[in-house]
Amino acid sequence: MKKVLLTLLALYLALCPLALAAAEEQVTLNVYNWGDYIDPDTLAVFEERTGIRINYELYETNEDMYTKLKKSKTSYDVIFPSDYMVERMIHEEMLLPLDYTAMPYTQNIDPRFLNASYDPTHAYSVPYTWGTMGILYNTTMVDEAPADWDALWDARYDKSILMLNSPRDTIGIALKRLGHSLNSINPTELEEAKQSLIAQSALVLAYVVDEGKDKMVSGEAALALVWSGDAQYCIERNPELAYVVPPEGSNLFFDAICVPTSSKHPAEAMRFIDFLCEADIAAQNYEYVGYAIPNSAAVELMGDAYAASAVSNPPDETLSRCEVFTNLGDDTRIYDRIWTEIITSIY
Ligand code: N2P
């Protein structure tokens, strides 16, 4: 009996480390992304296929994501910054270099998207989506289609206008409307943009990001400053809505997938990025998210269904009027200060 017990004890002690090791192998990736920016079904596919778990958290703006990464002790494994924010995070050594040999499906990315100035060799970022900013409007609530950015300053739509609660986007559009670059750091131009936004604020129903979509779909507001994919998402749910990129020009953005330096599981993070680049997964995500994608294999797979949307896929003439945000370095503080002044003048 004693011998049997000793044998069992020996066996238990021998197996214990194995059990511990198995428990340790369960990796959870902390994925931090914009609202409505992935089809949740694809996350389940990834978990099932790899045994890697995903803990999914949301942010609404590049600035919120950046501040969280700087200030919180949480380690994130995968994030989705826009162009100018990728540039800033590379500069501040917040991103890990990527191992492309571990991500064969990145070959599906259209090479035209791989020489962007924010990360010229794409050492730190894999392109995920792209789009424009414009006006989403309810055709039954406006007298005529918006002819220019002035529509968002039109007193006829008092308390029926939604603006983005996002400093670069909202200040950028105010600059564009006044004929300036949306990367301006000229104090006079920025003061002019600030005053125009303070004057406009009396007409604004709310400064929103993700909640704006429901408000537009339900007809609570007549006009909204939105990103093209969110416009597409809303138009699919309410065909009385339409989208326009005003003639003065707008922002063209590229959002990317990156691994922050705080990642505890960079190998698994890159496995997830590679998974998102598979043609069928990228196509499935496009159908859910509505933003244009740089994945040639997925675009080919979708054929006409993809090519047909002028909202996601604007003509070159529209794109030629758009500007990409650049990292403003220390001058970003001017925008932060102006944004605080605008917001505090409202509330
Ligand atoms: C997704 C927000 C997209 C971000 N809802 C635009 N850069």
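The values are calculated or read from the model by the stated rules, or taken from the named source; none is laboratory data. Just so you know, these numbers come straight off a predicted model, no measurement behind them. We place every Cβ from the backbone using ideal geometry, glycine too, and count neighbours over all the protein chains shown. Remember, those area values only see protein heavy atoms, side chains included, never the ligands or the DNA or RNA. Shrake-Rupley method; radii C 1.70, N 1.55, O 1.52, S 1.80 Å.
Computed quantities for the displayed model
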| read-out | value |
| --- | --- |
| Whole-Hz ³J(HN,Hα) from phi, Karplus 6.51 cos²θ - 1.76 cosθ + 1.60, for region 224-232, glycine and proline x | 8, 7, 9, 8, 3, x, 5, 4, 4 |
| Whole-Hz ³J(HN,Hα) from phi, Karplus 6.51 cos²θ - 1.76 cosθ + 1.60, for region 245-261, glycine and proline x | 9, x, x, 5, x, 7, 9, 10, 10, 10, 9, 10, 10, 9, 10, x, 5 |
| Calculated diffusion of region 75-139, Stokes-Einstein form, Kirkwood radius summed over Cα pairs, 20 °C and 1.002 mPa s, µm²/s | 158 µm²/s |
| Rg/Rh for region 248-347, where both radii come from Cα atoms and Rh is the Kirkwood radius | 1.08 |
| Loop-exposed GluC sites (Glu not before Pro) per DSSP, neighbour cap 10 Cβ within 10 angstrom, longest uninterrupted part of the chain | 145-347 |
| Of all accessible heavy-atom area on the chain, the percent that carbon and sulfur account for (1.4 Å) | 56 percent |
| Amide proton proximity set for TYR128, modelled H, under 5 Å, gap of 5+ | ASP255, ALA256, ILE257 |
| For region 273-327, the fraction of alpha-carbon pairs in successive 5 Å shells from zero, as % | 4, 18, 26, 20, 15, 14, 3, 0 |
| Sequence-distant residues sharing a close amide H with VAL27 (under 5 Å, placed H) | ARG53 |
| Within a Gaussian network of the chain (alpha carbon springs, distance under 10 Å), most fluctuating of PRO127, PRO167, PRO40 | PRO40 |
| Calculated diffusion of region 121-259, Stokes-Einstein form, Kirkwood radius summed over Cα pairs, 10 °C and 1.306 mPa s, µm²/s | 102 µm²/s |
| With 10 Å bins from 0: P(r) over the chain, alpha-carbon pairs, percent | 5, 23, 31, 22, 10, 4, 3, 2, 1, 0 |
| With at most 15 other Cβ atoms within 10 Å, longest stretch of the chain clear of loop trypsin sites (Lys or Arg not before Pro) (DSSP) | 160-263 |
| Computed helical MRE - 222 nm, the chain, DSSP H runs ≥ 4 contributing -39500 (n - 2.57), nearest 500 | -13000 deg cm²/dmol |
| Shape box of region 70-182 [Cα atoms, principal axes, largest first, Å] | 55, 35, 27 |
| Potential lengthening between ASP148 and SER320 on full extension [0.36 nm per residue; Cα-Cα distance subtracted] | 60.3 nm |
| Probe 1.4 Å, protein heavy atoms only - accessible area per residue of region 235-301 in square angstrom | 36 Å² |
| Region 66-110: radius of gyration and largest Cα-Cα distance (Dmax), Å | 12.6, 36 |
| Pairwise Lys count, region 144-257 - Cα closer than 22 Å, eight or more residues apart or different chains | 4 |
| Relative contact order (%) - criterion: Cα under 8 Å, at least six apart; region: the chain | 26 percent |
